[in-house]
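Asks: Structure incoming, see below.
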Amino acid sequence: MKRLAFLLVLLASSFALAQVKAHTTATAVPGQQSATLTWTEATPGVTFKVYRGITAGGENYAMPIGTVGIGVLTYVDTTVAGGITYYYTVTAFSTIESAPSNEAIAVVPIA
């Protein structure tokens with residue numbers, strides 16, 4: 001029983017290290033087929049995974065579209081198409097993955 005309690009405390013402390021502040025935003029620039037995603041980190045020293053969907057809440061958490069390293073707080077999605085609205089979330093990762101950030105929306109203009 002003591003081992004289980006220790007494991008739960010260890011997992012809880014690892015989870016606390018992997019957090020993204022809920023200030024995720026996405027922007028798309030007219031004439032450019034890309035969307036730039038930015039966020040703030042709650043705790044230094046974590047990597048981030050970026051997820052995308054084409055419906056609200058439709059991000060595919062089985063497959064991130066990108067991963068960025070420690071201290072990188074921006075991701076540029078160059079695989080977007082004009083005239084489509086994209087929905088993004090970001091998770092932080094140290095030993096386990098955090099819950100997703102707030103959902104950010106980017107409407108990509110038609111070039």
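The values are calculated or read from the model by the stated rules, or taken from the named source; none is laboratory data. Predicted model, so just to flag it, every value in this text is computed and none were measured. Positions of Cβ are backbone-derived with ideal geometry, glycine not excepted, and every protein chain shown enters the neighbour counts. Each accessible area value is taken on the protein alone, full model and side chains, heavy atoms only, with ligands, DNA and RNA left out. Shrake-Rupley method; radii C 1.70, N 1.55, O 1.52, S 1.80 Å.
Asks: In this structure, does residue 72 turn out to be among the β-branched types (Val, Ile, Thr), open to solvent by 40 Å² or more (accessible area, probe 1.4 Å), in contact (Cβ under 8 Å) with a residue 24 or more places away in the chain and in a loop (DSSP other than H, G, I, E, B)? Please lay out each step first, then the result.
Replies: On the way: among the β-branched types (Val, Ile, Thr): yes; open to solvent by 40 Å² or more (accessible area, probe 1.4 Å): yes; in contact (Cβ under 8 Å) with a residue 24 or more places away in the chain: yes; in a loop (DSSP other than H, G, I, E, B): yes.
Answer is yes for this residue.
Residues checked against (1) on the phi > 0 side of the Ramachandran plot; (2) modelled with pLDDT of 90 or more; (3) touching a helix residue (DSSP H, G or I) at 6+ places or on another chain (Cβ under 7 Å):
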position	(1), (2), (3)
76	no, yes, no
79	no, yes, no
82	no, no, no
94	no, no, yes
102	no, no, no
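Asks: Within the stretch 77-94, does at least one residue satisfy the condition of being exposed (fewer than 14 other Cβ atoms within 10 Å of the Cβ) and either over 25 Å from residue 32 (Cα atoms) or touching a Phe, Trp or Tyr at 6+ places or on another chain (Cβ under 8 Å) (or both)?
Replies: no
Asks: Looking at 51, 61, which one is aromatic (Phe, Trp, Tyr), part of a loop (DSSP other than H, G, I, E, B) and out of contact with any Lys or Arg (no Cβ under 8 Å at 6 or more places or on another chain)? Working first, answer last.
Replies: Numbers: 51 fails: part of a loop (DSSP other than H, G, I, E, B).
Just a single option satisfies the conditions, and that option is 61.
Asks: Specify which of the listed residues (44, 30) is out of contact with any Phe, Trp or Tyr (no Cβ under 7 Å at 6 or more places or on another chain), modelled with pLDDT under 70 and in a loop (DSSP other than H, G, I, E, B). Quick ask: steps written out before the conclusion?
Replies: On the way: 44 fails: modelled with pLDDT under 70.
30 is the lone residue from the list that is out of contact with any Phe, Trp or Tyr (no Cβ under 7 Å at 6 or more places or on another chain), modelled with pLDDT under 70 and in a loop (DSSP other than H, G, I, E, B).
Asks: Report the residue count in the stretch 42-64 for those that are over 13 Å from residue 104 (Cα atoms) and open to solvent by less than 60 Å² (accessible area, probe 1.4 Å). Break it down into steps so the answer makes sense when it comes.
Replies: At the first step, the residues of the stretch 42-64 found to be over 13 Å from residue 104 (Cα atoms) are 42-49, 60-64.
Narrowing the set further to residues that are open to solvent by less than 60 Å² (accessible area, probe 1.4 Å) leaves 42-43, 45-49, 64.
The qualifying residues number 8.
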